[in-house]
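Below is one structure, written out as structure tokens; comments come after it.
Values in this text are rule-based calculations from the coordinates and carry no lab data. Since the model is a prediction, treat every value here as computed from it, not as a measurement. Neighbour counts run over all protein chains shown; Cβ positions are idealised from the backbone, glycine included.
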């Protein structure tokens, strides 16, 4: 299992994924699930993946092989993020059609993706691609999309994220969402790859990898936990409901 999160705001995007691959209690590995396709000054396309690792890696490998070819699935030649989402969906569908029947005897062959970024001439966009190859797009009414182990990290985003949230604040909420997930599910783990992308910058300079001993990550988790405990203690106690 894994956890990937994308947040779309007027100021840009926050995209993050964990790095744990789990094939059993004694088969734990760290695998990067965050891939970038860029052209300086023209496009930044981030693709985050969850699900069957062989399936998702095959999709990414085929996308990379097509870059520069000028073919319809060349991510350097397309003109919109919608086309990128369609290409990822088509490639995923073809991969599962080719390998799915064989893989099903040993496990679930499915995968899913988040595709986010910006291509010159349009605003930032964010898509979620399902195993069937179809997809949905984030909007002001649905500002964040998740794949993988989603349930634990969702409440803090539902409570705190708005269209007015600054990009840096959204990055903070994203990390707290990962903290909540990792505290409740051992199949999600460090390091976390995260990109804060400013709209119109066409830059990935604000890309980082947070490890377990990162000073900011440690201080954020500690301060949040301490603050929550203090808040709970300050809340009024329930009344005596005995009759």
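Before moving on, here are some points about what is shown:
- Kirkwood estimate for region 78-145, i.e. one over the average of 1/r between Cα atoms, Å: 12.9 Å
- Note that region 107-243 shows a convex hull volume over its alpha carbon atoms of 201 Å³ per residue.
- The three principal axes of the C-alpha atoms in region 167-243 carry coordinate ranges of 64, 29, 21 Å, sorted with the longest axis first.
- Residues 86, 233, sorted so that the one with the fewest Cβ neighbours within 10 Å comes first: 233, 86
- Separation of alpha-carbon centers, region 179-243 and region 109-136, rounded to whole Å: 25 Å
- On full extension, the segment bounded by residue 94 and residue 71 gains 6.6 nm, given 0.36 nm per residue less the C-alpha separation.
- Rounded tilt (10° steps) of 167-184 against the dominant C-alpha axis of the chain: 80 degrees
- Using alpha-carbon coordinates, inclination of helix 53-66 to the longest axis of the chain, degrees: 50 degrees
- Within the listed set 173, 228, 126, the Gaussian network model of the chain (springs between alpha-carbon atoms below 10 Å) gives the highest mean-square fluctuation for 228.
- Net length gained if the chain between residue 207 and residue 123 were fully extended (0.36 nm per residue, minus Cα distance): 28.3 nm
- Were the residues from residue 159 through residue 139 laid out at 0.36 nm apart, the gain over their Cα-Cα distance would be 5.5 nm.
- Relative to the longest principal axis of the Cα atoms of the chain, helix 215-234 runs at roughly 40 degrees.
- In this label model, residue 216 and residue 241 are separated by 4.3 nm, measuring between points 7 Å along each Cα→Cβ vector.
- Calculated on alpha-carbon atoms, Rg and Dmax of region 20-103 in Å: 14.2, 44
- Fewest neighbouring Cβ atoms within 10 Å first, the residues 232, 88, 44 line up as 232, 44, 88.
- Report summary: the helix-based calculation at 222 nm, which adds -39500 (n - 2.57) for every DSSP H run with n ≥ 4 and divides by the residues of the chain, gives -11000 deg cm²/dmol.
- Label-point gap, in nm, between residue 105 and residue 31 - each point 7 angstrom along Cα→Cβ: 2.1 nm
- Of the residues 74, 179, 164, 18, the one with the fewest other Cβ atoms within 10 Å heads the list, and the complete ranking is 164, 74, 179, 18.
- With N the number of residues in the chain, Rg(Cα) / (2.2 N^0.38 Å) evaluates to 1.08.
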